[in-house]
1. Between residues in the range 106-120 that are free of Cβ contacts under 8 Å to residues at least 60 places away in the same chain and within 15 Å of Pro206 (Cβ to Cβ) and residues that are of a type in the set (Gly, Ala, Ser) and in a loop (DSSP other than H, G, I, E, B), which pairs lie under 6 Å by C-beta distance while being six or more apart or on different chains?
2. Residues that are farther than 22 Å from Glu309 by Cα, out of contact with any Asp or Glu (no Cβ under 7 Å at 6 or more places or on another chain) and at pLDDT below 95: does the range 128-148 have at least one?
3. Out of Ala224, Ala216, which single residue is surrounded by fewer than 19 Cβ atoms within 10 Å (Cβ to Cβ) and either under 22 Å from Glu145 (Cβ atoms) or of a type outside the set (Ser, Thr, Tyr) (or both)?
4. Does Val23 meet the test of being β-branched (Val, Ile, Thr), modelled with pLDDT of 95 or more and over 24 Å from Ala143 (Cα atoms)?
5. Can you tell me which residue in the range 249-297 is farthest from Leu231 (Cα to Cα), limited to those that are hydroxyl-bearing (Ser, Thr, Tyr) and either buried (at least 20 other Cβ atoms within 10 Å of the Cβ) or modelled with pLDDT of 95 or more (or both)?
6. Val336 fails exactly one of the following numbered conditions: (1) at pLDDT 95 or above; (2) of a type in the set (A, V, I, L, M); (3) farther than 27 Å from Pro136 by Cα. What is the number of that condition?
7. Collect the residues in the range 21-47 that are free of Cβ contacts under 8 Å to residues at least 24 places away in the same chain, out of contact with any helix residue (DSSP H, G or I) (no Cβ under 8 Å at 6 or more places or on another chain) and more than 18 Å from Val66 (Cβ to Cβ), keeping them in residue-number order.
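The values are calculated or read from the model by the stated rules, or taken from the named source; none is laboratory data. Bear in mind that the values here come from a model prediction, so they are computed numbers and not experimental data. Please note: Cβ atoms are built from the backbone with ideal geometry, for glycine as well, and neighbour counts cover all protein chains shown.
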Amino acid sequence: MTGATGNVGTAVVRRLLADGHAVNGVARRPPDAEFSGSSAVTWTSADLATDCQELLGQAFRGCDAVVHLAWGFQPSHDLAYLERLGVGGTEQVLQAARGAGVAHVVHMSSFGAYAPRTGPAPVDESWPTTGVTSSPYSRHKVAAERCVDRFETATPDVRVARLRPGIIGQRSAGSALLRYGLPGLVPAAVLRALPLLPLDRRLELPVVHADDVADAVSRILDTAAVGAFNLAADPVITVEHLAAALGTVHVQVPAPVVRAAASLSWHARVQQVDPGWVDLAYQLPLVDTARAGSELGWRPATDAVTTLEEVVAGMRSSAADATPALRHRSITENVVRAWTRGPVSRRREP
């Protein structure tokens, strides 16, 4: 499993170990000994943004399946690096799996790979994966899907599944989400005192808990399932849900204004979330999860509002896990890192 120490990976590790699987975990920075799955997992340290196909092949040898979860979100101003990690890394994983004779590959895609919505109805897995071109994240997810397309054509004997979840959350990802979305000098307590939530009321977001994504991965592995599966829980998250979870008041601000503010602050290095994320929020379709239900027997155990509330609580308390990717967010540490290695929007962690 690549990306075994991140938001999704930690949940999948927990589930697969509980199911009795032997897990080889691939991560750029292996977890601390305190991580609940640390001693039960065989760890390989590999940076998918570098030439590591041979190392991956060694990690995959003898495995029944490869679950590819690794992805990068920062530094958001270094798109070449993010492309090497997300797209180049996916290509290396696929070729390493092919060389190791792996029979089943599960690729973590995203609803972010879908083309913009044309109406309010949720879309199934046949919706075009041409992405939202103004979003680097979406473009890279689309490019990774094309890697998987070519792999499927070249290796018809390998079973390939793709997951296209909505926004994934769990409490222990709180600190990581804060590092990506809140300037490093701003304390987490600010989330308790937000006076207003300036967003366009048209916002609608599919959300799913990390444990429910892990459940889908487990079902795909157990049934050797193939094809694409959308994952999301009810209800669709709206600005009203966001305002309630944050304990604040929504103020109507048109999406173009929100995007302009995000663009200005991102270019000024005030915050590290590029404006393409605003485009995704207002353009991507909602997802129909009927296929996951009918073919996998998948039903989310946690509803979307509960997941949102759990994530907000985790962000407020700087909840973390014993992995470098989900480490505790510290203002002192952020100051030191910013001084010695630059802002997170341009910094590559060692």
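1. Going by the 6 Å Cβ cut-off, the qualifying pairs are Ala113/Gly131.
2. no
3. On the way: Ala216 fails: surrounded by fewer than 19 Cβ atoms within 10 Å (Cβ to Cβ).
The match here is Ala224.
4. Values: β-branched (Val, Ile, Thr): yes; modelled with pLDDT of 95 or more: yes; over 24 Å from Ala143 (Cα atoms): yes.
Taking the combined requirement at face value, the residue satisfies it.
5. Looking only at the range 249-297, we keep the residues that are hydroxyl-bearing (Ser, Thr, Tyr), and these are 263, 265, 282, 289, 294.
Now restrict to residues that are either buried (at least 20 other Cβ atoms within 10 Å of the Cβ) or modelled with pLDDT of 95 or more (or both): 263, 282, 289, 294.
On the way: Ser263: 29, Tyr282: 19, Thr289: 6, Ser294: 12 Å.
For the range 249-297, the residue satisfying everything is Ser263.
6. Among (1) at pLDDT 95 or above; (2) of a type in the set (A, V, I, L, M); (3) farther than 27 Å from Pro136 by Cα, Val336 violates only (1).
7. Ser39
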